[in-house]
Amino acid sequence: MRRMANAWLPVVAWCAALFWLSSRPGDDVAPFMPPLPQADKLVHALAYAVGGVLARRGWRMKPRLSPGKATLAAIAFATAYGLTDEVHQAVGSAGRQADPLDLAADAAGATIACLCVHLYERRRDAGRPSA
């Protein structure tokens, strides 16, 4: 039980941090954006890359879940959380609005990061003798 809590506590902290940031008015967040076109999409992708990898770590703690299924579950979880984040911004945050392109960036960030970790682990484990 403690192992599962340790696996999922970072995911809960990540969700809480994103919820808090989504609750901030857009003007509070804007000064922290890099001076790039569509910088918010890059920030979304990076944030959800972190969340996807954390969620994958949590799913990998389930003994009967294969690495591939853990990867898909993490991508689905992060993308679903991105959807709830956009809904939260649309109905519950002053000065914020939902943007389908933000959700696309969320999904892309989670997908790329989770697949990179999955492929890295698969390559790493290919050279190990089986137990």
**Request:** Just name the residue that is modelled with the lowest pLDDT out of those in the range 1-41 that are among the aliphatic types (A, V, I, L, M) and within 20 Å of A104 (Cβ to Cβ).
**Result:** V29
**Asked** Any residue at all in the range 35-42 that is on the phi > 0 side of the Ramachandran plot and surrounded by fewer than 12 Cβ atoms within 10 Å (Cβ to Cβ)?
**Response** yes
**Complete:** Of those in the range 81-96 that are out of contact with any helix residue (DSSP H, G or I) (no Cβ under 6 Å at 6 or more places or on another chain) and of a type outside the set (A, V, I, L, M, F, W, C), the residue farthest from D40 (Cα to Cα) is G92
**Prompt:** Filtering the range 101-112 down to residues that are surrounded by 18 or more Cβ atoms within 10 Å (Cβ to Cβ) and either among the β-branched types (V, I, T) or touching a Lys or Arg at 6+ places or on another chain (Cβ under 8 Å) (or both), which residue is farthest from L42 (Cα to Cα)?
**Reply:** T111
**Asked** Does the range 36-45 contain any residue that is in contact (Cβ under 8 Å) with a residue 60 or more places away in the chain, part of a helix (DSSP H, G or I) and closer than 20 Å to H118 by Cα?
**Response** yes
**Complete:** Reported set for the range 43-81 where residues are farther than 17 Å from Y120 by Cα and surrounded by fewer than 19 Cβ atoms within 10 Å (Cβ to Cβ) is L46, M61, K62, P63, R64, L65, A73, A76, A80
**Request:** Just one of (1) surrounded by fewer than 15 Cβ atoms within 10 Å (Cβ to Cβ); (2) free of Cβ contacts under 8 Å to residues at least 24 places away in the same chain trips up A98, so point out which.
**Result:** (1)
**Complete:** Among (1) assigned to a loop (DSSP other than H, G, I, E, B); (2) at pLDDT below 85, L65 falls short only on (2)
**Number of the condition not met by T111 [criteria: (1) touching a Gly at 6+ places or on another chain (Cβ under 9 Å); (2) among the hydroxyl-bearing types (S, T, Y); (3) at pLDDT 90 or above; (4) closer than 14 Å to L18 by Cβ]** = (4)
**Item:** Leading residue by the ranking (surrounded by the most Cβ atoms within 10 Å (Cβ to Cβ)) among those in the range 12-25 that are in a helix (DSSP H, G or I) and touching a residue at least 60 places away in the same chain (Cβ under 8 Å)
**Value:** L18
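The values are calculated or read from the model by the stated rules, or taken from the named source; none is laboratory data. Remember, predicted model here, so these are calculated numbers, not experimental data. Cβ atoms come from the backbone with ideal geometry, glycine included; neighbour counts cover every protein chain shown.
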